[in-house]
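Below: the structure, in structure tokens.
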Amino acid sequence: MRIDILTIFPDMFPCVLNTSILKRAQDKGLVEIHVWNLRDWTTDKHQTTDDTPYGGGGGMIMKPEPIFAAVETLLGEEKVPVILLTPQGRVFNQEMAQALAQQERLLFICGRYEGVDERVREHLVTEEISIGDYVLSGGELAAMVVVDAVVRLLPGALGYERAAAEDSHATGLLEGPHYTRPPVFRGWEVPEVLRSGHHARVAQWRRLQSLKRTLERRPDLLARAPLTQEEKQWLREQGYEGPYYDENENADLRTDN
Ligand code: ADE
């Protein structure tokens, strides 16, 4: 995969991109990430990337010319998702991360909060993504979040391959508790079943913990998670009446909007 990121603050990226899984994925050749300074596509002496809004009002708006010039230089005729990070975008989730991880190439434009000239959205951007219902100072942190979530899904990026499939949200449920040594810490014990070495019991226990935790913290996720009849029965006994995800009826629930 190749990722290009357009920003007026390129210095924000190296630390994040050169650490941990993102670094390893690049070292292994799974992804090539290029961060570009939008100012390099300005033509005036002051390298201006923004201007005052037509019609007045506060804040500055990102000018269209450097953004179009940069994207057209970087992509040429290639058809690539051009993603604008903005609080007005579709709210990012694991399913969107999985879809983006299937692409050969992605380009991210880090908008500043006040906004980007509408012609960029209308004629250049193919997708707008928000990382949540709050406002950041710019799209840079959001781009890092999305890039991290996507790159860790590339085959070979994680040391332990099954981990991504078991992540919270990947199964539609939150993960249950995890423990490591020591078996007793300040009198608090690791659950016996985890030390039993009995794989089937461990798997069953984990699934139940996962359901419990999701019911406690994010019952909204239960409506979208594939569940067995027994699991639905168990949830009913806990007082959860649904709705439930149905592969056939509710297929549209899985593609968020
Ligand atoms: N830019 C400012 N706030 C943002 C958000 N919540 N998501 C994506 N980009 C942003």
Mean separation of Cα contacts under 8 Å, 6 or more apart, over the residue count of the chain: relative contact order %:
17
So the pair-distance distribution of segment 2-166, from every Cα-Cα distance in 10 Å bins, comes to percents of 10, 39, 35, 12, 3, 0
Residue order, fewest to most surrounding Cβ atoms within 10 angstrom, among 185, 108:
185, 108
Residues whose placed amide H lies under 5 Å from that of residue 117, excluding near-sequence neighbours:
62
Potential extension, residue 217-residue 167 segment - 0.36 nm per residue separation minus Cα distance
16.4 nm
Whose amide H sits under 5 Å from the amide H of residue 105, counting only residues 5 or more places off or on another chain, with H placed in the peptide plane?
2
Between residue 11 and residue 237, with labels modelled 7 Å along Cα→Cβ, what's the label distance in nm to one decimal, could you check?
6.0
Label-point gap, in nm, between residue 39 and residue 246 - each point 7 angstrom along Cα→Cβ:
5.8
Rounded to the nearest 500, the 222 nm mean residue ellipticity computed for the chain from DSSP H runs (n ≥ 4, each -39500 (n - 2.57)) alone is -9500 deg cm²/dmol
In segment 161-243, which trypsin sites (Lys or Arg not before Pro) fall in coil by DSSP and have 12 or fewer other Cβ atoms within 10 Å?
186
Which ³J(HN,Hα) values, rounded to whole Hz and listed in residue order, are derived for segment 34-47 from phi using the Karplus coefficients 6.51, -1.76 and 1.60 in 6.51 cos²θ - 1.76 cosθ + 1.60 with θ = phi - 60°, glycine and proline given as x?
10, 9, 10, 8, 4, 4, 5, 10, 8, 10, 9, 4, 8, 6
Comparing 156, 58, 29 in a Gaussian network model of the chain (Cα, 10 Å), the one with the largest mean-square fluctuation is 58
Packing-based exposure ordering (other Cβ within 10 Å, fewest first) of 131, 5
131, 5
Given 13 as the ceiling on other Cβ atoms within 10 Å, longest exposed-site-free region of the chain for GluC sites (Glu not before Pro) in DSSP loops:
162-240
Of 23, 45, how do they rank once you tally other Cβ atoms within 10 Å and put the fewest first?
45, 23
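Values in this text are rule-based calculations from the coordinates and carry no lab data. All values reported here derive from a predicted model rather than from experimental measurement. Using ideal geometry, Cβ is built from the backbone for each residue, glycine included, and neighbour counts are taken over all protein chains shown.
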